[in-house]
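This is the structure I want to talk about, given as structure tokens.
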């Protein structure tokens, strides 16, 4: 009995560089009714995204201000922690320098006792040099201790300044978060409904079209990737559209892209629909 050979389905990979221009060429043979539905759905996605943008615009710079404050507070905590760690290292070094001083004093006392019992000048000079060396060791250690104490004072000043700034920034953060939470709470239900509506609409559009839409929208200063023709001009860049091209747009049988800005142009009748 003959067995059917399994046919592997070839899936065209999604090109993240997709634009409406390349999309219009690749979808030129799409059924006109299906194309009109795609254009209507894409325009509704644009309308929904615009409403969501207005909600985010209402929040203004607050989310960024909150993020900046949180980053600054984290940086201040790091600065304080680093300064405290450096102080510990400096204090540890001072402890070692103090041990050097104590050890030098002990050796000087020992060498002094030995010098009183030397038998010749050579031994006397040798011990005297050792005493001078240990005295120099004390002076160097004492100097390092003084320098480190000054450095510790500087680090403590840095910590104090950082802690004061931290206190102010934490208070600012509390206020900004309250303000942001109030706005978010007022718009939460509307935002949730719009996001659900958008998700439903996106599920009706093929991925390639959404990739192109997202790319154009990200590069547009007003976040508009799909626009209607208004007063015979592109609703995005306001350049005039030729009469024949306007007729093609109104028929909604294929993707028409503005040759100036790369946005999809759709029938003005879409704007009048709910």
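The values are calculated or read from the model by the stated rules, or taken from the named source; none is laboratory data. Computed from a predicted structure; not experimentally measured. Cβ atoms come from the backbone with ideal geometry, glycine included; neighbour counts cover every protein chain shown.
Looking at segment 152-181, I want the residues that are touching a residue at least 24 places away in the same chain (Cβ under 8 Å) and have a partner that is exposed (fewer than 13 other Cβ atoms within 10 Å of the Cβ) and part of a helix (DSSP H, G or I) with Cβ atoms under 6 Å, at least 6 apart or on another chain. Which pairs are those?
none
Here are the criteria: (1) closer than 30 Å to residue 199 by Cα; (2) touching a helix residue (DSSP H, G or I) at 6+ places or on another chain (Cβ under 9 Å). Tell me which single one residue 148 does not satisfy.
Exception for residue 148: condition (1).
Now for a separate question. Surrounded by 11 or more Cβ atoms within 10 Å (Cβ to Cβ) and part of a loop (DSSP other than H, G, I, E, B): is that true of residue 118 in this structure?
Yes; evaluated as a whole, the condition is true for this residue.
Being out of contact with any strand residue (DSSP E or B) (no Cβ under 7 Å at 6 or more places or on another chain), touching a residue at least 24 places away in the same chain (Cβ under 8 Å) and within 17 Å of residue 51 (Cβ to Cβ) is the filter here, so list the residues in segment 214-250 that pass it.
217, 220, 223, 224
Looking at segment 213-234 only, could you name the residues that are in contact with a helix residue (DSSP H, G or I) (Cβ under 8 Å, 6 or more places away or on another chain) and in a helix (DSSP H, G or I)?
213, 216, 217 - these are the residues of segment 213-234 that are in contact with a helix residue (DSSP H, G or I) (Cβ under 8 Å, 6 or more places away or on another chain) and in a helix (DSSP H, G or I).
Okay, next question. Any residue at all in segment 160-167 that is surrounded by fewer than 16 Cβ atoms within 10 Å (Cβ to Cβ) and farther than 30 Å from residue 90 by Cα?
No, segment 160-167 contains no residue that is surrounded by fewer than 16 Cβ atoms within 10 Å (Cβ to Cβ) and farther than 30 Å from residue 90 by Cα.
Out of 101, 45, 87, 80, I need the residue that is surrounded by 15 or more Cβ atoms within 10 Å (Cβ to Cβ), assigned by TED's automatic domain parsing to the domain that holds residue 177, over 30 Å from residue 162 (Cα atoms) and modelled with pLDDT of 90 or more. Which one?
Of the residues listed, the single one that is surrounded by 15 or more Cβ atoms within 10 Å (Cβ to Cβ), assigned by TED's automatic domain parsing to the domain that holds residue 177, over 30 Å from residue 162 (Cα atoms) and modelled with pLDDT of 90 or more is 101.
Would you pick out the residues in segment 116-127 that are touching a helix residue (DSSP H, G or I) at 6+ places or on another chain (Cβ under 8 Å) and modelled with pLDDT under 85?
Selection gives 118 alone.
Could you check, for segment 235-244, whether at least one of its residues is outside any loop (DSSP other than H, G, I, E, B), in the same structural domain as residue 40 (by TED's automatic domain parsing) and surrounded by 18 or more Cβ atoms within 10 Å (Cβ to Cβ)?
no
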